[in-house]
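Taken together, the values in this text are just the output of simple stated rules run on the coordinates, not laboratory data. Everything numeric in this text was worked out from a predicted model, so none of it was measured. All Cβ positions, glycine included, derive from the backbone under ideal geometry; neighbour counts span all protein chains shown.
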Amino acid sequence: MRHEQIRELLQAKPFRPFTIHLPEGRAVPVTHHDFALVSPDGRTLVAYDQDGTMNIVDVMLIASIHLGPPPAPPTTPSSTIPTTNGPQ
């Protein structure tokens, strides 16, 4: 895996969550772009889980990356039409 690919995933607009799969079967989820960082030399990735657990990964050992679904489009409040309960 190339570190440029991971940087592209982290900088994508809109961000899509992804899971890094390692050869030993471990999976490292990256749920937000602020939760992961590639080292300046591109060899190491540090990713935090939602609970604050830190994962340190050798980028060259990444077997595959699975992209999550694209983010849902923003919802707009539906306009409500006042209803009447018949003649008053």
| query | Which length gain, in nm to one decimal place, applies between Ala27 and Met54 when the Cα-Cα distance is subtracted from 0.36 nm times their residue separation? | reply | 8.4 nm
| field | Tail fraction, Cα-Cα pairs, the range 3-67, threshold 20 Å, whole percent | value | 16
| said: Projecting each Cα onto the charge dipole of the range 3-67 (Lys/Arg +1, Asp/Glu -1 at the beta carbon, about the Cα centre), which of Pro23, Ser39, His66 comes out farthest on the positive side? | reply: His66
| request: Sticking with the crude label model, points 7 Å out along Cα→Cβ, report the distance from Leu37 to Leu61 in nm, one decimal please. | output: 2.1
| field | Simple Cβ-charge dipole of the range 3-67, Lys/Arg +1 and Asp/Glu -1, about Cα centre, in debye nearest 20 | value | 180
